[in-house]
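Visitor: Sharing a structure here in structure tokens format.
The values are calculated or read from the model by the stated rules, or taken from the named source; none is laboratory data. Every value quoted in this text rests on a predicted model; they were computed, and no experiment measured them. Quick reminder, even Gly has a Cβ in these numbers, built from the backbone with ideal geometry, and neighbours come from all protein chains shown. SASA here: full protein model, heavy atoms, side chains in, ligands and nucleic acids out. Shrake-Rupley method; radii C 1.70, N 1.55, O 1.52, S 1.80 Å.
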Amino acid sequence: MAQVEFRNVVKTYGAFEAVKDVSFTVGDGEFVALVGPSGCGKTTTLNLIAGLLDITNGEINVGGRRINDLDPKDRDIAMVFQNYALYPNKTVRQNLGFPLKMRKVAKPEITRKVEEAAALLDITHLLERRPRELSGGQQQRVALGRALVRDPQVFLMDEPLSNLDAKLRVQMRAELKRFHQDLNATVIYVTHDQLEAMTMADKMAVMSGGVLQQYDAPERVFSEPANLFVAGFVGSPAMNLLPASVEDRGGTVYAVGQGWELPLSPRNAACAKKASGSEIVLGARHSTLLLHDTETPDAIPAKIYTVEPTGDLTYAHAEVDAKTIVISTDPQRRIRADQQVWIEIDQERLHIFDAATEERIPPD
Ligand SMILES: Nc1ncnc2c1ncn2[C@@H]1O[C@H](COP(=O)(O)OP(=O)(O)O)[C@@H](O)[C@H]1O
Ligand SMILES: [Mg+2]
């Protein structure tokens, strides 16, 4: 397996810049999820590594070797696609063996490798079937097996689970994670699903508009989002974001929003004062908010819009002026639409963002 290094990589399609000066390093044996909304440049990035697209600027190194000008077939990289791309008229055994046959590997060696991969992926009993005789999950395993037999330096996967139903997706998610652990493989995995990225990856590369927004372990991306985009993208329900102005009133610093104000704790006041202007955005996850039925000091008045029970947790959607805030509550609790409530914020877990730069202002 090998390390993959992106150095100031740029990809343009005509005048359009799809990947903008992206730099990051995937360690040997690491599982990195490239995650972001549709159109942010994930597939383009993956195709640059695979050699399906030319790099406009910058360089990509795999195992210390610059691959910009290498032919795709010489890159020693295997790709697993969303639509599996299996040959319909070949059996599973032939599908698995095909990349080796193309490389003129000796027949006994092909048989050995195919059977090894099939055993690992638990598809030995399917070897003589054709793709149409397999379920979606089984086809996905064959596609994975076809990458595996090549024993590549790097596995690239582009939304490999998005054609599966929800239950199977969760199961395959666990299988893929296990597959990575067993093989110690270097994997770059593209998904638009932040939960998939959070649960599977050693590191997340969060992209938006062709720009790498943050590259960190999932826990870090969740607890210390670099900017407003990452804060709103990672976590479900999304982080509540409330625009506010900073006002220093004789020593006490207030965040003042539409129809509410909040005296900031010393820690948050210090952050707010570091903003480039007087405008900030408060970021609070649903689990860091407490609902009160009666007026409470330093709690924000709001009105319940709707209540969503999910079983383990109930999500209360409350309106603060024109903004909706989501608060998780105990399912036992009685809350009704149009009820007046007060929202208390756990300031130890509150994030302060600079409204002008959109960056998070970390506490000292
Ligand atoms: N061949 C192409 N020509 C022009 N624009 C393209 C081409 N391929 C992709 N794009 C554009 O580049 C951006 C990134 O695309 P893509 O990498 O496929 O995004 P993702 O995989 O994150 O959904 C999109 O805006 C897309 O429309
Ligand atoms: Mg894509």
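Visitor: Need one number: % antiparallel among DSSP beta bridges in the chain, to the nearest 5.
Guide: If I count the DSSP bridges inside the chain, around 80 percent turn out antiparallel.
Visitor: Label Lys303 and Arg333 with points 7 Å out from Cα along Cα→Cβ: what is the distance between them in nm?
Guide: Spacing of the two 7 Å Cα→Cβ label points: 2.0 nm.
Visitor: Rounded to the nearest Å, what's the spacing between the alpha carbon centres of region 284-302 and region 54-75? Just the number, please.
Guide: The two parts, judged by their Cα centres, are 53 Å apart.
Visitor: Show me 70-79, 333-342 ranked by packing, highest mean number of other Cβ atoms within 10 Å first.
Guide: Per-residue Cβ counts within 10 Å, averaged per peptide and sorted highest first, yield 70-79, 333-342.
Visitor: Can you give me the three principal axis dimensions of the chain from its C-alpha atoms, in Å, biggest first?
Guide: Taking the Cα atoms of the chain, the three principal extents are 81, 47, 34 Å.
Visitor: How high is the relative contact order of region 152-197? Use alpha-carbon pairs under 8 Å, at least six apart in sequence, and give a whole percent.
Guide: Rounded, it is 58 percent for region 152-197.
Visitor: Would you kindly state how much longer the chain becomes between Leu168 and Thr199 on full extension, computed as 0.36 nm times their sequence separation minus their alpha carbon distance, in nm to one decimal?
Guide: 9.6 nm
Visitor: With +1 assigned to the C-beta of every Lys and Arg and -1 to the C-beta of every Asp and Glu, and no other charges, what is the dipole magnitude of the chain about the Cα centre in debye, to the nearest 20?
Guide: In total the dipole reaches around 1860 debye.
Visitor: Report, to two decimal places, the Cα Rg of region 240-354 normalised by 2.2 N^0.38 Å (N = number of residues).
Guide: Ratio of Cα Rg to 2.2 N^0.38 Å: 1.07.
Visitor: Oh, and also: Please express the shape of region 209-271 as an equivalent ellipsoid: the semi-axes are the square roots of 5 times the eigenvalues of the C-alpha gyration tensor, given largest first in whole angstrom.
Guide: They are 28, 13, 11 Å, listed from largest to smallest.
Visitor: OK, next. Testing the spin-label approximation: label points 7 Å from Cα along Cα→Cβ at Glu348 and Lys104. State their distance in nm.
Guide: Here the modelled spin labels are 6.8 nm apart.
Visitor: Taking a threshold of 23 Å on the Cα-Cα distance, which of the pairs Lys73/Lys177; Lys20/Lys203; Lys20/Lys177; Lys11/Lys73; Lys11/Lys101; Lys113/Lys177 fall above it?
Guide: Lys73/Lys177; Lys20/Lys177; Lys11/Lys101
Visitor: If you don't mind, another one. State, as an integer percentage, the relative contact order of region 73-159 based on alpha-carbon contacts under 8 Å between residues 6 or more apart.
Guide: 55
Visitor: In addition: Please state the relative contact order of region 79-235 as a whole percent: Cα pairs under 8 Å, 6+ residues apart?
Guide: 21
Visitor: Another question about this same structure. Please give me, ordered by residue number, the trypsin sites (Lys or Arg not before Pro) of region 227-304 that lie in loop per DSSP and have at most 15 other Cβ atoms within 10 Å.
Guide: Of the trypsin sites (Lys or Arg not before Pro), the ones in loops of region 227-304 whose Cβ has at most 15 other Cβ atoms within 10 Å are Lys274.
Visitor: A further question on this structure: Largest first, how would Glu128, Glu196, Glu295, Glu247 line up by accessible area (1.4 Å probe)?
Guide: Glu295, Glu128, Glu247, Glu196
Visitor: Can you quote the Å³ per residue value for the convex hull of the Cα atoms in region 24-65, rounded to an integer?
Guide: Convex hull of Cα atoms, per residue: 92 Å³.
Visitor: Distance between the C-alpha centers of region 162-238 and region 83-113? Whole Å please.
Guide: With region 162-238 and region 83-113 each reduced to a Cα centre, they are spaced 31 Å.
Visitor: Can you find, among Tyr305, Val341, Gly257, the residue farthest towards the positive end of the dipole of the chain? Put +1 on the C-beta of Lys and Arg, -1 on that of Asp and Glu.
Guide: Tyr305
Visitor: Pop the C-beta distance of Lys90 and Asp54 into the FRET formula with R0 = 25 Å and round what comes out to the nearest 0.05.
Guide: Computed FRET efficiency for Lys90 and Asp54: 0.20.
Visitor: Then there is this: Semi-axes of the equivalent ellipsoid of region 1-139: what are they in whole Å, largest first, if each equals the square root of 5 times a C-alpha gyration tensor eigenvalue?
Guide: After diagonalising the Cα gyration tensor, the semi-axes are 32, 18, 14 Å.
Visitor: Now for a different question. Give me the Å³ per residue figure for the convex hull around the C-alpha atoms of region 143-212.
Guide: 102
Visitor: Could you list, bin by bin from short to long, the percent of Cα-Cα pairs of region 86-177 in 10 Å steps?
Guide: Calculated over all Cα pairs of region 86-177, the distribution is 17, 50, 30, 4, 0 percent.
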